Every structure is written in structure tokens, then in C-alpha cells.
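First comes the structure, then the notes that go with it.
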Amino acid sequence: MYEENNDLILDALKKDMRKSKLEGYLYEVDLMKNDVRGAIRSLTSWTNDTNVHRNLLIPSDKAYYTKDPFGVVSYLPLNLNVNK
């Protein structure tokens with residue numbers, strides 16, 4: 001979405017906040033891209049199973065928490081508002 005609408009975002013930032021294209025790209029578009037990349041990289045650690053302490057009486061038992069979403073999951077980047 002950012003790559004497809006990069007020029008529209010930069011034009012809106014120039015109109016509304018009088019930011020140059022370089023400043024708009026560095027502080028808005030590039031930061032949001034990095035947030036999304038970081039979230040994609042962290043997905044495996046966020047969804048890994050977590051081991052649980054087991055009872056000593058049953059050593060062959062396996063216990064862990066499985067992190068499953070309850071429905072549709074939406075990721076909202078931290079700087080959702082445009083930086084001023």
C-alpha cells in the first residue's frame with residue numbers, strides 16, 4: 001500500500017503539513033515500512049508455543065500454551081498518526 005501510494009502520501013504531507021518530500025519519506029513512509037517489517041519478523045516469536053511446567057508424577061506428559069487468535073487479527077503500527 002505504501003509503495004503504490006507513495007506519491008499520494010507525500011503530496012498530502014506537503015499540502016497539509018508543508019513537509020518536503022525527503023522529510024515526508026524519511027519520517028513518515030520509511031518509519032511505517034520499518035514498523036510493518038518488524039512486525040512481520042516478530043510474528044514467529046509472537047505465535048510460538050510456550051512451555052508450561054509439568055507435574056513430576058507424569059514425566060512423559062507434554063504441556064504448552066498455544067497462542068491462537070480468536071478471530072480476524074489486525075496489526076496497527078505504533079505511529080498511526082502522522083508525525084507533526
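All of the numbers you see were taken from the coordinates with simple rules; none came from a lab. Keep in mind that this is a model prediction, so the values were computed, not measured. In this analysis, Cβ positions are derived from the backbone assuming ideal geometry, glycine residues included, and neighbour counts consider all displayed protein chains.
General observations
- Taken over the range 33-48, residues that are in a loop (DSSP other than H, G, I, E, B) and surrounded by fewer than 11 Cβ atoms within 10 Å (Cβ to Cβ) amount to 0.
- Residues satisfying the stated conditions in the range 17-32, i.e. without any contact (Cβ under 8 Å) to a residue 12 or more places away in the chain and either in a helix (DSSP H, G or I) or under 21 Å from the mean Cα position of the chain (by Cα) (or both): Lys21, Leu22, Glu23, Leu26, Asp30
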